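First up is the structure itself, then whatever we jot down about it.
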Amino acid sequence: MVNPKDLQRIEWLNYTNASAQELVGLAVELAEDPNGGVQMRVLIDANVVSGVTVVPLQQGGCCD
């Protein structure tokens, strides 16, 4: 992964636990890859998110 200061972090799912602390349930960190493209890291709290599936985008028509 790249230098942490170069990351962009997006938090999608926050929640409050029993101690009234706001916690992150799901977040993504993105950074430009020096070799091209984008590096991505998915951060999950297993108490909230049961799993993550990565599916490639289908670019173009829907029904080839």
In whole Hz and in residue order, list the ³J(HN,Hα) couplings for the stretch 39-53 that follow from phi through the Karplus curve 6.51 cos²θ - 1.76 cosθ + 1.60, θ = phi - 60°; x for Gly and Pro. 8, 9, 10, 9, 10, 10, 9, 4, 6, 10, 9, 8, x, 10, 10
Given 20 °C and 1.002 mPa s, compute D for the stretch 4-44 with the Stokes-Einstein relation, Rh being the Kirkwood radius over Cα pairs; round to the nearest whole µm²/s. 187
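Taking the Cα centre of the chain as origin and charging only Cβ (+1 Lys, Arg; -1 Asp, Glu), how large is the dipole, in debye to the nearest 20?
Working: 3 positive and 8 negative charges, 20 e Å.
Roughly 100 debye, rounded to the nearest 20.
No lab work stands behind these numbers, since they all come straight from the coordinates. All of these numbers come straight from a predicted model, not from anything done at the bench. Cβ coordinates were reconstructed from backbone atoms using ideal geometry, including for glycine residues, and neighbour counts include every protein chain displayed.
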